1. For Q201, indicate whether it is closer than 30 Å to A78 by Cα, surrounded by 15 or more Cβ atoms within 10 Å (Cβ to Cβ) and polar (S, T, N, Q).
2. Does the stretch 89-111 hold any residues that are surrounded by 17 or more Cβ atoms within 10 Å (Cβ to Cβ) and among the small types (G, A, S), and which are they?
3. Looking at this structure, is E170 part of a helix (DSSP H, G or I) and touching a Ser or Thr at 6+ places or on another chain (Cβ under 6 Å)?
4. Pick from A112, A169, A177: which is of a type in the set (A, V, I, L, M, F, W, C) and within 24 Å of T72 (Cβ to Cβ)?
Amino acid sequence: MSNNESFIDEVTEEVRRDKLYAGLRKYGWIGIAAVILLVGGASVNEWMKVRERATAQAAGDAILDAVTRGTTADQIAALDEIGATGDLGAVLGLVAAGAQPEDMTAAADRLAAVAADDTAPQLYRDLAVLKRAMLPGQMSPSERVEALTGLTAPGAPFRVLAEEQIAFAEVELGETASAVTRLEALLNDNEASGALRQRAQQLIVALGGGETAEDGA
């Protein structure tokens, strides 16, 4: 009886093996393909990372070379030769604007281009708006207020700096009370730096709001 059972077990095991091998022959290519795709995908991903690092390093080297040229004209020409859009294009625009302080109009035009570039990160676009508003003589006080108001939303990265610049513009517009109120709010703003608070307090005092400033402090 035990021999019969042993024989049945052996036959059953053989049948299982045959089914397993048949299944492997029929569907085994799926597993092999999955392994190839997995390995190939990891290789492609690593290659893309290496390429991105190399591209970023090359761009950084090109920008560094450009800004260390002898004259402003040479620096601007070298930056323009790099040519790019998106993140790098925005960086190039910001750097080029800062490289020509003697030509405010050209700097303002470059910053306006960055601010209007839909392919650039919002952070860079906002920074371009702020820097353009801070260029002397390029925008009227009312234009500065309009442009900077969009940067004062809660959580915006340049909110407190935009608030300060709006206060300056309000002073030029003769809206002293509004400027003082805005500056007093900055004195109690946790996001405002110590230097910004000091500037705000000094301007409040200069505008005749010294007592309010002391109370806010």
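1. Criteria not met by Q201.
2. G89, A90, G93, A96, A97, A99, A107, A108
3. yes
4. Going through A112, A169, A177 in turn, just one is of a type in the set (A, V, I, L, M, F, W, C) and within 24 Å of T72 (Cβ to Cβ): A112.
Every number here is computed from the coordinates shown, using simple stated rules; none is lab data. Keep in mind the model is a prediction, meaning the values are calculated, not measured. Reconstructed Cβ throughout: ideal geometry from the backbone, glycine too, with neighbour counts over all protein chains shown.
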